[in-house]
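Scroll down for the structure; my scribbles are underneath it.
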There are 2 protein chains.
Amino acid sequence: MVNANARLVGLDWGSTSLRAFLLGPGGVLIEERSAKQGSTAMNGSAAAYESTLAQIAGDWLAAAPALPVLACGMVGSKHGWREAPYAACPAGEQQLAGGFVRVTAAGREIAIVPGMSCRTVGSAPDVMRGEETQIVGALAQRPDLAGACTFVLPGTHSKWAHVRENQVIDFATYMTGELFAVLRGHSVLGRLMIDQDEPDDDSFAAGVRAAAERTALAHQLFAVRTLGLFDELKPEALPDYLSGLLIGHEITAGLRERYIAGGEEQPLVLVGEPKLCALYESALHIFGSGVEASFPNTAPAGLWRLALEAGIVTGTEESGT
Amino acid sequence: MVNANARLVGLDWGSTSLRAFLLGPGGVLIEERSAKQGSTAMNGSAAAYESTLAQIAGDWLAAAPALPVLACGMVGSKHGWREAPYAACPAGEQQLAGGFVRVTAAGREIAIVPGMSCRTVGSAPDVMRGEETQIVGALAQRPDLAGACTFVLPGTHSKWAHVRENQVIDFATYMTGELFAVLRGHSVLGRLMIDQDEPDDDSFAAGVRAAAERTALAHQLFAVRTLGLFDELKPEALPDYLSGLLIGHEITAGLRERYIAGGEEQPLVLVGEPKLCALYESALHIFGSGVEASFPNTAPAGLWRLALEAGIVTGTEESGT
């Protein structure tokens, strides 16, 4: 049978999407599927989670009644399938694996990875769900970085996470992607814009360089309007300028906070959608910072690593046939 | 006749609202009216501007065929009634009065005040339309401030303007009010919020103080979510916290750029809606800054002053009866 090698079904169940991974011995990816039924659309209904799981992975599960399932992401939030309380930083694989919660669907137990929280003294709490698994996966693939590095996970709510001795010691969220979306879609800035298929690298870089001046974001955003009004940027170039401005402000702050251990700036590791990672890499280059490694998606590796840590799967077995 | 004293019809015609002022000798306010037909709703149509003017001030105009009309605001923008090119900073009353453009409606000439623009070296251009008239009006009422002061005009697009020797030397726009509106209405931050009638002063102050830490806005915004998630702020308190955070970031930047003359920080002058000015005053207090003067609406005084400067009205006449 095609799935005789299956050892784990991994689920990356975020707010707006679901990805399912069928993993074999050693965590090798056998098959990957995706669906648009994110956790938000489940509306907290266990029945909705259960039927969506059956839709995306029913054949995998039917073929192997003992196949374990491990899920990460917003599925474990307060309004998810079941709340998996945040592991407080500093935290790593052990704290995450020790914090699994479990639900039952069609008689099968499904484990859910907790998110992570942190709080720097005097500041508001910060949280992540899903990114902790990406980080674990990246460190499993590059254990040489686990001593000390800074992760950048760009997206709707970008995360900058500081790792030392295989643990996330703290992290910060930047609402970069969401700011872009609401300003593009709902503010005066969007009115002068025209979308184009190809990104305008020069306008993106101009936005990044403007951000490096470190004046207030709320002021610099208005330039997206005036540069359009004064015909100094074409309507097609304005979205890229806005993107550069927002990403540049995130990087300015992220680099300032970058964890310094032993007097040395730690290597930067990017994890995310490849085009977005390439944008961040080009922006970081403007700030004189290089990237040590860039991963497209380390959720399958992270889920495997956490399943191993929790004893849901084993690392020492002969390959099936 | 009731309007025998009328000397000028002033119009403050912004994007989303129109205010009309009937002014008597010396610029005394005889009557004020407002309408929701802002410049944006006119869609660039001269006929729409003309009929809206007739609706709001037709009786004033019919009673006095020679009564002059002076308008400021977005009515003079590229997509307004007629474009009044920006007066480039440094600029004051003379440059504004010298830059009037004119349209004709029902045989009557209507003058339009230009906006102002500025550009600091290496930066994007900045613009205002309407605020320049508010500034002229405030300085007409407090000529002792015209030597050197910093204006703060809070709103959708807040302006901080530096005045020296009766001229605006430069200014900066902050999209504070619009950021609040789009984040409240269209981002994940709005989802946990509940509006309440009475402002929560403590939560507002907490947001202002957080902004004073000078970390990145895109990061601090996420705290509006986590403080709600962790039940550290009630849903009713979150809008005020967000408002404090945004206003605090504006003030942090504005005070850093505040005009300094002769080694001294210049007095701050607020112009705007009284409740909003009171919020700014309380936030400035947290930063240790006092306010020299606060004006609710100086557009009538500014329009009168500019009409005088342009010779549309005269300052030396006996009062009518």
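The values are calculated or read from the model by the stated rules, or taken from the named source; none is laboratory data. Here the structure is a predicted model, which is why all the values come from computation and not from measurement. Virtual Cβ from ideal backbone geometry, glycine too; neighbours counted across all protein chains shown.
Each row is one residue, and each column tells you yes or no for (1) in a strand (DSSP E or B); (2) closer than 16 Å to residue A:103 by Cβ; (3) of a type in the set (Ser, Thr, Tyr).
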position	(1), (2), (3)
A:11	yes, yes, no
A:26	no, no, no
A:30	yes, no, no
A:33	yes, no, no
A:51	no, yes, yes
A:55	no, no, no
A:62	no, no, no
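Residues checked against (1) aliphatic (A, V, I, L, M); (2) farther than 21 Å from residue B:161 by Cβ; (3) in contact (Cβ under 8 Å) with a residue 24 or more places away in the chain:
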site	(1), (2), (3)
B:205	yes, yes, yes
B:212	yes, yes, yes
B:225	no, yes, yes
B:256	no, no, no
B:283	yes, no, yes
*For residue A:196, state whether it is touching a residue at least 12 places away in the same chain (Cβ under 8 Å), assigned by TED's automatic domain parsing to the domain that holds residue A:252 and farther than 26 Å from residue A:20 by Cβ.*
yes
*Which ones in region A:246-274 are among the charged types (D, E, K, R) and modelled with pLDDT of 95 or more?*
A:250, A:273
*May I ask you to list the residues in region A:153-184 that are touching a Ser or Thr at 6+ places or on another chain (Cβ under 6 Å), small (Gly, Ala, Ser) and not in a strand (DSSP E or B)?*
A:177
*Mind checking which residues of region B:208-225 are among the acidic types (Asp, Glu) and either within 26 Å of the chain's Cα centre (by Cα) or over 17 Å from residue A:253 (Cβ atoms) (or both)?*
none
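Being more than 7 Å from chain A (Cβ to nearest Cβ), surrounded by 23 or more Cβ atoms within 10 Å (Cβ to Cβ) and part of a helix (DSSP H, G or I) narrows it down to one of B:207, B:190, so name that one. Write out each step before concluding.
Working: B:190 fails: surrounded by 23 or more Cβ atoms within 10 Å (Cβ to Cβ).
Exactly one of B:207, B:190 is more than 7 Å from chain A (Cβ to nearest Cβ), surrounded by 23 or more Cβ atoms within 10 Å (Cβ to Cβ) and part of a helix (DSSP H, G or I), namely B:207.
Conditions tested, residue by residue: (1) within 14 Å of another protein chain (Cβ to nearest Cβ); (2) of a type in the set (A, V, I, L, M, F, W, C); (3) closer than 23 Å to residue B:9 by Cβ.
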| site | (1), (2), (3) |
| --- | --- |
| B:115 | yes, no, yes |
| B:134 | no, no, yes |
| B:140 | no, yes, yes |
| B:159 | yes, no, no |
| B:171 | yes, yes, no |
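When region B:128-151 is examined, which residues are found to be closer than 18 Å to residue B:272 by Cα and either surrounded by fewer than 21 Cβ atoms within 10 Å (Cβ to Cβ) or under 9 Å from the mean Cα position of the chain (by Cα) (or both)? I'd like the intermediate steps shown before the answer.
Of all residues in region B:128-151, those closer than 18 Å to residue B:272 by Cα come to B:128-142, B:145, B:149-151.
Answer for region B:128-151, where residues must be closer than 18 Å to residue B:272 by Cα and either surrounded by fewer than 21 Cβ atoms within 10 Å (Cβ to Cβ) or under 9 Å from the mean Cα position of the chain (by Cα) (or both): B:128, B:129, B:130, B:131, B:132, B:133, B:134, B:135, B:140, B:141, B:142, B:145.
What do you reckon, is residue A:114 in a loop (DSSP other than H, G, I, E, B) and within 25 Å of residue A:72 (Cα to Cα)?
Details: in a loop (DSSP other than H, G, I, E, B): yes; within 25 Å of residue A:72 (Cα to Cα): yes.
Against the criterion (in a loop (DSSP other than H, G, I, E, B) and within 25 Å of residue A:72 (Cα to Cα)), residue A:114 qualifies.
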*Mind checking which residues of region B:226-259 are assigned to a helix (DSSP H, G or I), surrounded by fewer than 24 Cβ atoms within 10 Å (Cβ to Cβ) and over 26 Å from the mean Cα position of the chain (by Cα)?*
B:226, B:227, B:228, B:229
